[in-house]
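Single-structure report; data block below.
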Amino acid sequence: MLNEERIILMTKMASYEEHEGRKNMAIGRYFRSDYIAVQVLKAVVCATISFGVLFALFIFYDFETFMQDIYKMDLVTFAKNALLLYAGLVVVYSAACYGVCAYKYSKAKKSLKLYYHNLKKLNSLYSE
C-alpha cells in the first residue's frame, strides 16, 4: 500500500539530490579546515596568475616609455612596490575567499544534516 508521507519525503529528497545536494555532498566529504585550505590555495594561485597578467599588461601598455625610464627609476623601490601590491592583493583575496568558503561549508553541512535526518525518518517509515 502506498504511504503518502513516504512518497512526499522521497520526492523532496530526490529533488535535493539532483540540484543542490550534489554540490553539498562534494563539500561534505571534506573536513572544514581541509575544504577551506584547498579553496584558499586555489585563490592564491588564481590571484598570482591574475596579478602576473595585470602587471604584464601594465608594463606592456606603454612599453617604450617604460624602457626609456628604466635607467632613471629606482628598481629596488619599483620591485618593493610591486611586491607590496601583490601581497596586498593576495591577502585581501584570500581573506574574502576564506569568509565565503567558511559560509558555504557551514551552509552545506546544515543542509546535509537535514538530508540525513530525512533519510533516518524515511527509514523509520519503512520499518513501521
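The values are calculated or read from the model by the stated rules, or taken from the named source; none is laboratory data. Being a predicted model, the structure only gives us computed values, none of them experimental. We place every Cβ from the backbone using ideal geometry, glycine too, and count neighbours over all the protein chains shown. For accessibility, only protein heavy atoms count, side chains too; no ligands or nucleic acids. Shrake-Rupley method; radii C 1.70, N 1.55, O 1.52, S 1.80 Å.
Step by step: first the residues of the range 1-13, then only those that are open to solvent by 60 Å² or more (accessible area, probe 1.4 Å) and either among the hydroxyl-bearing types (Ser, Thr, Tyr) or outside any helix (DSSP H, G or I) (or both), then the one that is farthest from Tyr105 (Cα to Cα). Which residue is that? The selected residue is Met1.
Per the listing Tyr35, Tyr16, the residue uniquely out of contact with any Lys or Arg (no Cβ under 6 Å at 6 or more places or on another chain), open to solvent by less than 90 Å² (accessible area, probe 1.4 Å), over 22 Å from Lys120 (Cβ atoms) and in contact (Cβ under 8 Å) with a residue 60 or more places away in the chain is Tyr35. For the range 89-116, the candidate set comprises residues that are open to solvent by 100 Å² or more (accessible area, probe 1.4 Å) and either of a type in the set (Ser, Thr, Tyr) or outside any helix (DSSP H, G or I) (or both); within that set, the residue that is farthest from Glu17 (Cα to Cα) is Tyr93. I'd like the residue in the range 19-32 that is part of a helix (DSSP H, G or I) and without any contact (Cβ under 8 Å) to a residue 12 or more places away in the chain and, out of all such residues, is nearest to Ala95 (Cα to Cα). The residue in question is Ala26.
Checking the conditions here, which among Phe60, Phe51 is surrounded by 12 or more Cβ atoms within 10 Å (Cβ to Cβ), in a helix (DSSP H, G or I) and aromatic (Phe, Trp, Tyr)? It would help to see each step written out before you state the result.
Working: Phe60 fails: surrounded by 12 or more Cβ atoms within 10 Å (Cβ to Cβ).
That would be Phe51, the only listed residue that is surrounded by 12 or more Cβ atoms within 10 Å (Cβ to Cβ), in a helix (DSSP H, G or I) and aromatic (Phe, Trp, Tyr).
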